[in-house]
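The values are calculated or read from the model by the stated rules, or taken from the named source; none is laboratory data. Just so we're clear, the structure is a prediction, and the values are computed from it rather than from any experiment. With ideal geometry, Cβ positions are generated from the backbone for all residues, glycine too; neighbour counts draw on all protein chains shown. Surface areas here come from the heavy atoms of the whole protein model, side chains and all, with no ligands, DNA or RNA. Shrake-Rupley method; radii C 1.70, N 1.55, O 1.52, S 1.80 Å.
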Amino acid sequence: LPDGTQPLTLTAAIEGSADTRATVDNRWNGNETIALQVTDGNGTEWYDYTVDDKGNLSGDYYWTNPSSITVQGLYPNVMVKNNDWTWSVEEDQSSDEAYQSGDLLCSESKAVSFAQTPALTFCHQTAKLVVNIKQEGLPESISATADDISLTIGEGDILTMDGSFSLPTAADSDDRWLGTWASGSTKGSIKPHLATTPATGNFATYEALVIPQDVATGTKLLTFTAEKDGTSYGPFYYTLKGDAKWQAGYVYTYD
């Protein structure tokens with residue numbers, strides 16, 4: 001086949017139901033740049049591919065013969081671009097941008113035949129924490145607005161904030177492609193993101209992305225304070241009653 005006449009095209013979906021146009025909510029916004037690893041008869045190389053809001057991927061790999069190739073996608077492309085496989089999450093995730101910046105996605109490794117348009121499914125490679133707060137137990141003087149509540153996850157810089165990531169090489173028992181992590185040395189705490197809509201029956205819902213890690217029983221995981229009309233309440237703590245193992249691609253909910 002002549003070079004430059006048969007482009008490799010793909011489609012990409014994010015595991016989970018789609019809400020808003022943000023990868024952290026399982027939907028492409030459009031114009032994200034994915035690093036696509038292609039292995040063919042000439043070896044393995046990375047290519048930048050752009051995804052639109054419908055999940056269509058386009059880039060600069062062209063077929064040169066009809067032999068099968070293998071592809072795997074990684075988003076964002078910065079680790080490949082910088083040749084640095086370290087990933088971190090922000091301490092202050094209260095803004096949409098800071099919260100979403102911690103999202104790391106990787107697809108399965110898939111064999112592709114000539115002229116196919118393969119569908120890749122991307123899995124979240126960090127872990128996600130969700131904290132639901134009920135009105136019950138709050139001081140009566142606190143009005144029903146989450147602006148009066150302050151929440152810190154891991155106060156005292158007890159959380160691991162970065163780690164070295166390795167691409168998944170096979171599916172797990174749930175048929176999900178999840179990479180492996182080696183914990184970094186940076187410690188911190190997280191100011192979580194306030195969800196636009198609280199979970200049903202709750203006063204407020206907070207969310208945060210974390211590096212996969214183990215947290216020991218007895219750890220003061222959550223610290224709450226409340227303030228109304230110049231009066232402060234707390235701090236109040238939630239202490240782990242057992243060891244926590246936060247794994248890549250899973251959501252951990254604390255009610």
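Pairing each residue of region 80-91 that is over 20 Å from residue 127 (Cα atoms) with any residue that is open to solvent by 70 Å² or more (accessible area, probe 1.4 Å), provided the two are 6+ apart or on different chains, yields C-beta distances under 9 Å for 80/46; 80/48; 81/46; 81/48.
Give the residues of region 217-229 that are farther than 22 Å from residue 191 by Cβ and of a type outside the set (D, E, K, R), sorted by residue number.
Here is the first cut: in region 217-229, the ones farther than 22 Å from residue 191 by Cβ are 217-218, 229.
Of everything in region 217-229, those that are farther than 22 Å from residue 191 by Cβ and of a type outside the set (D, E, K, R) turn out to be 217, 218.
A count restricted to region 33-55 and to residues that are over 15 Å from residue 8 (Cα atoms), in contact with a strand residue (DSSP E or B) (Cβ under 7 Å, 6 or more places away or on another chain) and at pLDDT below 95 stands at 0.
With respect to the conditions (1) in a loop (DSSP other than H, G, I, E, B); (2) out of contact with any strand residue (DSSP E or B) (no Cβ under 6 Å at 6 or more places or on another chain), residue 249 lacks only one, and its number is (2). Restricted to region 1-88, the set of strands (runs of 3 or more DSSP E) holding at least 3 residues that are among the β-branched types (Val, Ile, Thr) and either open to solvent by 40 Å² or more (accessible area, probe 1.4 Å) or under 30 Å from residue 186 (Cα atoms) (or both) comprises 32-40. Taken over region 89-129, the residue count meeting the criterion of being among the hydrophobic types (A, V, I, L, M, F, W, C) and either open to solvent by 70 Å² or more (accessible area, probe 1.4 Å) or more than 13 Å from the chain's Cα centre (by Cα) (or both) is 6.
Can you work out which of the residues in region 171-190 that are touching a residue at least 40 places away in the same chain (Cβ under 8 Å) and over 16 Å from the mean Cα position of the chain (by Cα) is least open to solvent (accessible area, probe 1.4 Å)? Once the filter is applied, the top-ranked residue is 188. Residues that are open to solvent by 80 Å² or more (accessible area, probe 1.4 Å) and either touching a His at 6+ places or on another chain (Cβ under 9 Å) or without any contact (Cβ under 8 Å) to a residue 24 or more places away in the chain (or both) within region 210-250 comprise 232, 236, 237, listed in sequence order.
One residue alone among 137, 154 is more than 14 Å from the chain's Cα centre (by Cα) and open to solvent by less than 50 Å² (accessible area, probe 1.4 Å), and that residue is 154.
Of everything in region 115-137 that's in contact (Cβ under 8 Å) with a residue 60 or more places away in the chain and assigned to a loop (DSSP other than H, G, I, E, B), which residue is farthest from residue 215 (Cα to Cα)? Let's see the steps before the verdict.
Filtering region 115-137 for residues in contact (Cβ under 8 Å) with a residue 60 or more places away in the chain gives 115, 117-135.
Keeping just the survivors that are assigned to a loop (DSSP other than H, G, I, E, B) gives 115, 117-118, 125-126, 134-135.
Numbers: 115: 47, 117: 42, 118: 39, 125: 18, 126: 15, 134: 24, 135: 27 Å.
Looking at residues that are in contact (Cβ under 8 Å) with a residue 60 or more places away in the chain and assigned to a loop (DSSP other than H, G, I, E, B), I get 115.
On inspection, residue 207 passes the criterion of being surrounded by 14 or more Cβ atoms within 10 Å (Cβ to Cβ), of a type in the set (D, E, K, R) and touching a His at 6+ places or on another chain (Cβ under 6 Å).
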